[in-house]
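The values are calculated or read from the model by the stated rules, or taken from the named source; none is laboratory data. It should be emphasised that the depicted structure is a prediction, and the values quoted were computed from it without experimental measurement. Note that we place each Cβ from the backbone using ideal geometry, even for glycine, and neighbour counts take in every protein chain shown. For the accessible areas, the whole protein counts, side chains as well, though only heavy atoms, and no ligand, DNA or RNA atoms are used. Shrake-Rupley method; radii C 1.70, N 1.55, O 1.52, S 1.80 Å.
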Amino acid sequence: MKEGKSISKYMLTAPALGGCDQNPSVWILNYDIMARFRRRTCIVLLLFILFICSIMMALKTLRPDRAGFGDPFGLGLLPELQQRTVLLDSKQNSLNRVQADPVTRVSNLHSIAVNTMKASLPPVNKLEEELSSPNYNFHIFYYSWFGNPQFDGKYIHWNHPLLPHWDPKIANNYPKGRHNPPEDIGANFYPELGSYSSKDPSVIEAHMKQMRSASTGVIVLSWYPPGMADENGEPTDDLVPVILDYAHKYNLKVTFHIEPYKDRDDRSMYHNVKYIIDKYGGHPAFYRHKTSTGRFLPMFYVYDSYVTIPEIWANLLTVSGSQTIRNTPYDALFIALLVEERHKHDIHRSGFDGMYTYFATNGFSYGSSHHNWASLKAFCDSNNLMFIPSVGPGYIDTSIRPWNNHNTRNRVNGKYYETAFSAALLVRPEVISITSFNEWHEGTQIEKAVPKRTGQMVYLDYKPHKPNVYLELTQKWSEKYRKEQEQWLM
């Protein structure tokens, strides 16, 4: 019985002791057990190797250049990532800027050297940032109507009044009054630069730098004739020379967004176009668009063009018109605002050269609805007109129109903006316009915004992304447009 109890131990050790005289059946059983043990050992070892490999792969995906930003829509938004992908192009851009701007020559050369050695590091300071090349087919609406006590003696536009609804019964349900800057401004977002003045040179330069970093190329400047302004602002024509100078420093161009000033008609438009071209047309930053016939003509966007009847516009914009500007030194491309579908026929009859849609609210109007852009582009193509769709990052104006919540368009962390760009590229436009750089009242800005909480007010912001996320998105789509346009022209 003692031997019987110890048989298991024996079967494991007997072969190793060389027990040749043991029972053959016992030896075979012992061999089978050892074979199974080796198989199990191999399987365990293989699983262990696979486990180690999977751990290494997982650790690889957590490398620093991807762990810093939770990107839900696959964008390279970190500055260091952006810098790697455009390093070669940015070197040449920096050299060009060094030749054009002696003031920053030394710092830019230093930037090139540092970025060549350490492309993954962010720039040491703002003067050394690498800027994307401008895309002159990306036009961006810009407003210079903001003011503050330091530069203007008072707040302008930041203290925008709350606009009443046209129906008194509805208006009575909403607050009245005016915003009280700097903590309480007429916007749902808060600018990184604070309640700035459009006259502040440092602000103008910061704006130019942001627009250039977004790879836009043409600033569409909101414009009223000298001595005139919107009902909440002050005249701004005296700022145009400064804006042109700073735009030129950043290799940007400037065109004009002619607002619906009082008594705007064919005669006053001729006078004002002549004034703009005579006064600003010789500046190197003044924009001229190359037409299909090879001519380089100024371009003017005409806001609310539909409030003037086609017959009046035809006096100015057709060759046979009584006030014709055609075939004169002041001939230009005139782009009308399309809101309703019927406006496309009025625009054609008026003698305009194209149409734009402006509003950043998909579904708000016929023109701003993305699904109508294909038919509008076809109409323009068949009538030798330019179609310029307007894309925007979102829309919210409840800080000045508290009753207009139904027209709010949520930014969805940038997805709304990307959807608009995608829709625009589908129709292969010659130019895309962006609403806007800094129309803060309507929440269409791509300018840098920051989180802010004051008293009972909590401003919206761009989180979880950085303040420059919409500049980065614009730059991304500008590059995408360039690549796709090359294919269109092949």
Given (1) open to solvent by 10 Å² or more (accessible area, probe 1.4 Å); (2) β-branched (Val, Ile, Thr); (3) over 16 Å from Thr361 (Cα atoms), where does Ile400 come up short, assuming only one miss?
-> (1)
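Residues in region 406-420 that are open to solvent by 30 Å² or more (accessible area, probe 1.4 Å), among the polar types (S, T, N, Q) and within 16 Å of Trp440 (Cα to Cα): how many? It would help to see each step written out before you state the result.
Looking only at region 406-420, we keep the residues that are open to solvent by 30 Å² or more (accessible area, probe 1.4 Å), and these are 406, 408-410, 412-413, 415-416, 419.
Checking which are among the polar types (S, T, N, Q) leaves us with 408, 410, 413, 419.
Filter once more, keeping what is within 16 Å of Trp440 (Cα to Cα): 408, 410.
Residues that pass the stated criteria total 2.
Among the listed residues Asp230, Asp167, which satisfies the condition of being more than 28 Å from the chain's Cα centre (by Cα) and acidic (Asp, Glu)?
On the way: Asp230 fails: more than 28 Å from the chain's Cα centre (by Cα).
Residue meeting the stated conditions: Asp167.
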Are any of the residues in region 333-341 at pLDDT 95 or above, touching a strand residue (DSSP E or B) at 6+ places or on another chain (Cβ under 7 Å) and open to solvent by 10 Å² or more (accessible area, probe 1.4 Å)?
-> yes
When Ala378 is run through (1) outside any strand (DSSP E or B); (2) aliphatic (A, V, I, L, M); (3) buried (at least 19 other Cβ atoms within 10 Å of the Cβ), the failure sits at (3)
Checked pairs for region 131-158, first within 24 Å of Val391 (Cα to Cα), second open to solvent by 40 Å² or more (accessible area, probe 1.4 Å) and charged (D, E, K, R), C-beta under 7 Å and 6 or more apart or across chains, list as Ser133/Asp89; Asn135/Arg482; Tyr136/Lys253; Asn137/Glu430
Taking into account only those residues within region 452-485 that are free of Cβ contacts under 8 Å to residues at least 60 places away in the same chain and over 16 Å from the mean Cα position of the chain (by Cα), which is surrounded by the fewest Cβ atoms within 10 Å (Cβ to Cβ)?
-> Gln456
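So, in region 293-327, how many residues would count as being open to solvent by 80 Å² or more (accessible area, probe 1.4 Å) and part of a loop (DSSP other than H, G, I, E, B)? Even if it seems obvious, please write down each step before you answer.
To start, the set of residues in region 293-327 that are open to solvent by 80 Å² or more (accessible area, probe 1.4 Å) comprises 293, 295-296, 306-307, 309, 311, 319-320, 322, 327.
Next, only the ones that are part of a loop (DSSP other than H, G, I, E, B) stay: 293, 295, 309, 319-320, 322, 327.
Total meeting the criteria: 7.
Name the residue that is farthest from Ser320 (Cα to Cα), counting only residues in region 289-300 that are touching a residue at least 24 places away in the same chain (Cβ under 8 Å) and not aromatic (Phe, Trp, Tyr). Can you show your working first?
Within region 289-300, the subset touching a residue at least 24 places away in the same chain (Cβ under 8 Å) is 289, 291, 297-300.
Pick out the ones that are also not aromatic (Phe, Trp, Tyr) and you get 289, 291, 297-299.
On the way: His289: 24, Thr291: 21, Leu297: 20, Pro298: 21, Met299: 21 Å.
Going through the qualifying residues, I end up with His289.
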For Tyr356, work out the one condition from (1) over 21 Å from Glu472 (Cα atoms); (2) within 20 Å of the chain's Cα centre (by Cα); (3) among the hydroxyl-bearing types (Ser, Thr, Tyr); (4) open to solvent by 20 Å² or more (accessible area, probe 1.4 Å) it doesn't fulfil.
-> (4)
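Taking the criterion of being in a helix (DSSP H, G or I), under 23 Å from Leu162 (Cα atoms) and of a type outside the set (S, T, N, Q), would at least one residue in region 395-408 satisfy it? First the steps, then the outcome.
Kept after step one, since they are in a helix (DSSP H, G or I), are these residues of region 395-408: 405-407.
If we keep only those that are under 23 Å from Leu162 (Cα atoms) too, we end up with 405-407.
Pick out the ones that are also of a type outside the set (S, T, N, Q) and you get 406.
Yes, region 395-408 contains a residue that is in a helix (DSSP H, G or I), under 23 Å from Leu162 (Cα atoms) and of a type outside the set (S, T, N, Q).
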Could you grab me the full set of residues in region 291-312 that are out of contact with any Asp or Glu (no Cβ under 6 Å at 6 or more places or on another chain) and more than 25 Å from Ser436 (Cβ to Cβ)?
-> Thr291, Ser292, Thr293, Gly294, Arg295, Phe296, Ile309, Glu311
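Considering only region 200-292, give the helices (runs of 4 or more DSSP H) lying wholly within it that have at least 2 residues that are within 27 Å of Leu471 (Cβ to Cβ), at pLDDT 95 or above and open to solvent by 10 Å² or more (accessible area, probe 1.4 Å).
Details: elements: 201-213, 240-249, 266-280.
So the answer is 201-213, 240-249.
For Glu439, indicate whether it is crowded, with 20+ Cβ neighbours inside 10 Å, closer than 30 Å to Cys380 by Cα and acidic (Asp, Glu). Please lay out each step first, then the result.
On the way: crowded, with 20+ Cβ neighbours inside 10 Å: yes; closer than 30 Å to Cys380 by Cα: yes; acidic (Asp, Glu): yes.
Considered against the rule, which asks whether it is crowded, with 20+ Cβ neighbours inside 10 Å, closer than 30 Å to Cys380 by Cα and acidic (Asp, Glu), Glu439 comes out as yes.
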